[in-house]
1. Looking only at residues in the stretch 149-177 that are in a loop (DSSP other than H, G, I, E, B) and basic (Lys, Arg), which one is nearest to the chain's Cα centre (by Cα)?
2. Closer than 18 Å to residue 168 by Cβ and touching a helix residue (DSSP H, G or I) at 6+ places or on another chain (Cβ under 8 Å): which single residue out of 112, 68 fits that description?
3. Considering only residues that are under 16 Å from residue 80 (Cβ atoms) and not basic (Lys, Arg), look in the stretch 150-165 and name the one that is surrounded by the most Cβ atoms within 10 Å (Cβ to Cβ).
4. Return yes or no: is residue 144 free of Cβ contacts under 8 Å to residues at least 40 places away in the same chain, more than 13 Å from the chain's Cα centre (by Cα) and at positive phi?
5. Working only within the stretch 104-118, note down all residues that are buried (at least 22 other Cβ atoms within 10 Å of the Cβ) and in contact (Cβ under 8 Å) with a residue 40 or more places away in the chain.
6. With the condition kept exactly as written, say whether any residue in the stretch 64-76 is free of Cβ contacts under 8 Å to residues at least 24 places away in the same chain and surrounded by fewer than 18 Cβ atoms within 10 Å (Cβ to Cβ).
7. How about the stretch 170-205: which of its residues are of a type in the set (D, E, K, R), surrounded by 15 or more Cβ atoms within 10 Å (Cβ to Cβ) and either over 16 Å from residue 99 (Cβ atoms) or at pLDDT 95 or above (or both)?
8. Collect the residues in the stretch 95-119 that are assigned to a helix (DSSP H, G or I) and of a type outside the set (D, E, K, R), keeping them in residue-number order.
Amino acid sequence: MKSSLGVAMVLFELQCGDPIISRGDRDTRNMGDWIEPGQPAPTFTLTADDGSKVRLSDLKGRPVVLYFYPKDDTPGCTREACAFRDQQVRLKKLGATVLGVSADSVESHQKFRDKHRLNFLLLADVDHKVAEKYGAWRERNMYGKKSMGVQRSTFLIDSDGKVAKVWKAVKVDGHDQQVLDALTELLPSAPRGKARRVGDRETRRM
């Protein structure tokens, strides 16, 4: 019975793309510390699904929703991406740029984007260096077998380039509304500035 349950849980993880994390003691030596609210957002340059180079520094002056997800085109990651896709009008009204990040390749991102008509950029963090900087590259334990992977998490970065809010171990359903609510609270006191617009796709892709 235990063996059958273990196989079922592993298959569930593979389908959903979400890590099963041990609740017991974990060896954290290979895990970076989480970036917390109030800290400067670590800078990065990554290649997007459209082939462009995205630099976080280019987005200073407007809020950024930077979300890390485990794997392209898995059920949980698809629901999350489609939720952000469907909220793009509201997000743009709040001046926010959404960037999705995983360790998948540019080619994988392109297929994921086209299949689900995503209207924001997906960034390829193939060596997971950016995930490590933010603390999203975590140890996971599947029935005694340890491995590292992306933990679903979101960082709201304000117009000054500081982290305003962090969601760790994100639950997909309702997360888009959580982000919208946090943006609404953030903007009245946030300084407004000009920045090069990165990641805005025409809504006709929807």
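The values are calculated or read from the model by the stated rules, or taken from the named source; none is laboratory data. It should be emphasised that the depicted structure is a prediction, and the values quoted were computed from it without experimental measurement. FYI the Cβ positions are ideal-geometry reconstructions off the backbone, even for glycines, and counts take in every protein chain you see.
1. Among those residues, the one meeting the criterion is 152.
2. After ruling out the rest, the residue left standing is 68.
3. Only one residue fits best here, namely 155.
4. When the stated conditions are applied, residue 144 passes them.
5. 109, 112, 113, 118
6. No, because not a single residue in the stretch 64-76 is free of Cβ contacts under 8 Å to residues at least 24 places away in the same chain and surrounded by fewer than 18 Cβ atoms within 10 Å (Cβ to Cβ).
7. Within the stretch 170-205, just 176 meets the criteria.
8. Result: 106, 108, 109, 110, 112, 116.
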